[in-house]
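Below is one structure, written out as structure tokens; the observations come after it.
No value in this document is a laboratory result; all are computed from the given coordinates. All values reported here derive from a predicted model rather than from experimental measurement. Cβ placement follows ideal geometry from the backbone for every residue including glycine, while neighbour counts extend to all protein chains displayed.
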């Protein structure tokens, strides 16, 4: 690991984001293992939320899949690692509500929770396996949302 990666590992532990990732993994009955560059994998995650192939809290990347899922997707691991740097830069847990605001903004602008989410864009939409959706008029998004319910 580089000095910066060690610093991120330590800071994301001190700022409690990696601890929160471990807690979520334990609640989700995940199995933990070391990943690259100071990351940890929490595989076999059993909870249905969030709906994602993988998600990151601190330096912990969680997935319902087994470790081979990450071994076959180094680009996805890089995407999730960028999220771990976002926790580092945002002093840990404030990242969670800010990320949710990004989800809401993206959904309002495109109907997709990731496409205009600044955190997903900074982590690379393509690397996260997201398509960039076009902007839609707010009236269209709202009418589609309320028509579904």
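If you run the Gaussian network model on the chain, springs between alpha carbon atoms under 10 Å, then out of 33, 106, 124 the most flexible one is 33. From helices alone, the chain scores -15500 deg cm²/dmol at 222 nm; the rule is -39500 (n - 2.57) for each run of n ≥ 4 DSSP H residues, then divide by the residue total. Full extension of the segment from residue 132 to residue 2, taken as 0.36 nm per residue of separation minus the current Cα-Cα distance, would add 43.6 nm. Angle, helix 95-110 long axis vs. longest principal axis of the chain, Cα atoms, 0 to 90°, nearest 10? The helix 95-110 is inclined about 30 degrees to the chain.
Need the full-extension length gain, residue 51 to residue 140, defined as separation in residues times 0.36 nm minus the C-alpha distance. One decimal, nm.
Numbers: separation 89, 0.36 × 89 = 32.04 nm, distance 2.44 nm.
That works out to 29.6 nm of additional length.
When you work out D = kT/(6 pi eta Rh) for the stretch 24-76 at 37 °C and 0.692 mPa s, using the Kirkwood radius from C-alpha pairs as Rh and the Stokes-Einstein form, the result is 304 µm²/s.
Convex hull over the alpha-carbon atoms of the stretch 11-149: what's its volume per residue in Å³? Kindly include the intermediate steps, with their values, before the conclusion.
Numbers: hull volume 14.8 nm³, N = 139.
Taking only Cα atoms, the stretch 11-149 has a hull volume of 107 Å³ per residue.
Nearest 10 degrees, 0 to 90: what angle lies between the long axis of helix 3-14 and the longest principal axis of the chain (Cα atoms)? Helix 3-14 sits at roughly 80 degrees to that axis. Working note: Debye formula, equal point scatterers on the alpha-carbon atoms of the stretch 3-92, no solvent; log10 I(q)/I(0) at q = 0.12, 0.19, 0.20 Å⁻¹ is -0.30, -0.76, -0.85.
Report, to one decimal in Å, the Kirkwood hydrodynamic radius for the stretch 94-149 based on all distinct Cα pairs. Each step should come with its number before you reach the end.
Numbers: mean 1/r = 0.0867 Å⁻¹.
Evaluated on the stretch 94-149, it is 11.5 Å.
Per residue, the average separation of C-alpha pairs within less than 8 Å and at least 6 apart gives the stretch 96-145 a relative contact order of 32 percent.
Look at 56, 43 and count the other Cβ atoms within 10 Å of each Cβ; fewest to most, that gives 43, 56.
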